[in-house]
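Only the coordinates and a few stated rules stand behind these numbers; no lab work does. Bear in mind the structure is a predicted one, so any value in this text is a computation, not a measurement. Counting neighbours? That spans all protein chains shown, and the Cβs are built from the backbone with ideal geometry, glycine included.
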Amino acid sequence: MARGHTADPTSGINTEPFFSPDGQSIYFTSDREGSPQIYRISADGGAAQRISFEGSYNVSPRISPDGRSMAFISRRESGFRLAVMDLASKQVQILTESHKDESPTFAQWPHDPDRYRDRWSWCIVCRID
């Protein structure tokens, strides 16, 4: 469990903390390098690692229940897009073409995950105004 550690409170604004499903890591948004990007830090503290590198503005990290993917909002072509990153390969896929996507979250679907263990069984829910 986190013990009040912060990544580096003197080098930027750290916002939007989100625990990994296993409770071992905290993902968050920080502008420590100039523009908002996504970082990960151990729940026990230590050095933060930058996770997002594509685009100049990446915020709102949400980790899938299986811990393999991260949904987030990325500014591309002067609009906000819903994106998903494979955390192992760091490959990013832009999922929407809207300019108003925000607040991603993961919802389980279908209701029987054991039946679909080998398939993508999580859907991403995002508010689009």
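Taking label positions 7 Å along the Cα-Cβ direction at both S35 and K90, the computed distance is 1.7 nm, reported to one decimal.
Report the extension gain between E77 and A43 in nm, rounded to one decimal, defined as 0.36 nm multiplied by the number of residues separating them, less their alpha carbon distance.
Working: separation 34, 0.36 × 34 = 12.24 nm, distance 3.42 nm.
Contour length minus the Cα-Cα distance gives 8.8 nm.
Net charge near S52, counting Lys/Arg +1 and Asp/Glu -1 over other residues with Cβ under 15 Å of its Cβ? Taking every Cβ under 15 Å from that of S52, the sum is +3.
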